[in-house]
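To start, the structure under review is shown below, and the notes come after it.
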Amino acid sequence: MPHTLRSFLENIDNRILNIHDEVDPINQVGYLCSESRHPLMFHNLEGFENWRLTDILIKDRKGQAAALGLEKDNEVCPFLAKQMANGAGKSKMVEDGPVKEVKLIGDDADLRKLPIPIHSHGDAGRYLGSGVTITRDPETGIRNESILRVQLTDDPHKAPFWMAARHNYQHYLKYVEMNEPMPMAFAIGLHPVYEIMSNWSGIHKDFDELEYAAGVLGEEIEMVKCETIDLEVPAHAEIIIEGTVHPTERMMEGPFGEFTNFGFGAEGPAPVFTCSAITHRKDPIFRHMQATWFTDHQPLITLPMEATYYNRLRDTQGNTNVLDVFVPPWASQFLMIVQVEAKWDGQVNDMLMAALSGPNLHVKTVIAVDEDVDIYNAEDVLWAVSTRVDPAQHVNIQTDCRLHPLDAVIPEVGDEYTVMRIGGKMGIDATKPPTWRAEARKKFQRVDPMGKGDDAIAKLLEMVRQPV
Ligand SMILES: [Mn+2]
């Protein structure tokens, strides 16, 4: 059985909060998703009969572990890193698939009829933030996927979108050069591993992100031909939106509340998607991704980042004992915490520089901590920063680096289609002296409260730890 959104929902069935009350998806879903600690399924969408909407599937390590078929939280990053190091899988063409059960072509393909929410107060309109965006390189024939933000308008078929500087953008520039419309499709509602890997930013000369995800899952992904454009899309998606992007057409796009928690930073004239077909399942589930603070939006991007950096940083100086990497969702993806056990002096600083110049533009601050610090716990990490850092020795600041286009505090440099920013990056070494200087390292050993390790007090321990 292929890995689909539905197979994943079945796996986490006992964790899903099913909401049968009527909810207005356009105006009410955003806050509910943003506040939820549970995977959500809305069964009763006002104005959208027959549709369901789901979100908050992989917000925490528990959901991520479920997507990867794992038991423990701290297996997530090392496991994904290992699967990614094994390389990409394959895709195969099939004649038909469930996503073709309903076909809306031409005038019937009205984007406004999908239960696409408004994410935040101040947004320019309803936004599709959960479409895996598919384009193909006109020279190499290799597809690319990413997840872009797409704004609905009063026109049923026109949707300006923000062309972030990713591989899809490079395809677009080639079509602009040829002065031809670019075929583009959005796949909504896939198994989360396909959504996660669509946000991977590495180089891929002979495979695409969907095939990479198929490798992680150990399957071949089945693709079907589009109805109105020359492109292949996942056969088991819930919804496919097909269309083209004209090389010179522009509409105003934004503002849009982003993962930074700001609504500004990339708004302006933007390329326009013209929808020519929508296909979907008979009883479609709209997979939403709410773009505000600490929702699925963050881990969708940070998971492949964490795994990529885990592999990359272990390679520093040929062999660095990196234990885990965490890009905390509460820090809007710009901060990375690396848990490491360094053997030699200088090893942590080299590793920090490798982290600061990695494949993702997000990483602005990197904090290195030891094996005795819980990297998922902000208080513990800040304890290490507070007690194991001499700012004069252990903070490394670089200038004139390229940073994420949505990092609004960083100065902007001009470009016609997208936003570029140049500014500083910082590495903080909050680790103890390395293991080869055992005496110096000992001074930074944490003390344990008396009684720790005594099984006789386990029950009392549970009691005192209860939230008030
Ligand atoms: Mn790519």
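Report yes if S130 is away from the ligand (no atom under 12 Å from the Cβ), polar (S, T, N, Q) and closer than 17 Å to Y194 by Cα, otherwise no.
yes
All but one of (1) under 27 Å from H119 (Cα atoms); (2) at pLDDT below 95 hold for I16; which doesn't?
Here I16 clears every test but (2).
Name, by its number, the condition in (1) under 23 Å from the mean Cα position of the chain (by Cα); (2) not in a loop (DSSP other than H, G, I, E, B) that does not hold for L406.
(2)
Could you check how many residues of segment 321-344 are among the hydrophobic types (A, V, I, L, M, F, W, C), free of Cβ contacts under 8 Å to residues at least 60 places away in the same chain and over 12 Å from E306 (Cα atoms)?
Going through segment 321-344 one residue at a time, the tally reaches 2.
Could you figure out which of (1) among the aliphatic types (A, V, I, L, M); (2) closer than 29 Å to I26 by Cβ; (3) at pLDDT below 95 isn't true of I203?
The single condition I203 does not satisfy is (2).
Among the residues in segment 171-188, are any farther than 23 Å from L5 by Cα, away from the ligand (no atom under 16 Å from the Cβ), buried (at least 24 other Cβ atoms within 10 Å of the Cβ) and at pLDDT 95 or above?
no
Specify which of the listed residues (E227, E258) is in a loop (DSSP other than H, G, I, E, B), buried (at least 24 other Cβ atoms within 10 Å of the Cβ) and not hydrophobic (A, V, I, L, M, F, W, C).
Result of the check over E227, E258: E258.
Which members of segment 155-169 meet the condition of being within 12 Å of the ligand (Cβ to nearest atom), over 16 Å from H246 (Cβ atoms) and surrounded by 18 or more Cβ atoms within 10 Å (Cβ to Cβ)?
Our first condition is that a residue be within 12 Å of the ligand (Cβ to nearest atom); within segment 155-169, this holds for 164-169.
Add one more test, that the residue is over 16 Å from H246 (Cβ atoms), and what stays is 164-167.
Selection gives A164, R166, H167.
Can you tell me which of H204, H236 is closer than 22 Å to R281 by Cα and assigned to a loop (DSSP other than H, G, I, E, B)?
Every option except H236 fails the conditions.
Considering only residues that are crowded, with 16+ Cβ neighbours inside 10 Å and of a type in the set (F, W, Y), which ones fall in segment 415-467?
Y417
Scan segment 138-154 residue by residue and report those that are surrounded by fewer than 17 Cβ atoms within 10 Å (Cβ to Cβ) and either within 16 Å of the ligand (Cβ to nearest atom) or within 22 Å of the chain's Cα centre (by Cα) (or both).
Across segment 138-154, the qualifying residues are P138, E139, T140, G141, I142.
Among the residues of segment 194-203, is any more than 16 Å from the ligand (Cβ to nearest atom), among the small types (G, A, S) and over 29 Å from K103 (Cα atoms)?
Scanning segment 194-203 turns up no residue that is more than 16 Å from the ligand (Cβ to nearest atom), among the small types (G, A, S) and over 29 Å from K103 (Cα atoms).
The values are calculated or read from the model by the stated rules, or taken from the named source; none is laboratory data. What you see is a predicted model; the values in this text were computed from it and never measured. When we count neighbours, we look across all protein chains shown, and the Cβ atoms used for this are built from the backbone with ideal geometry, even at glycine.
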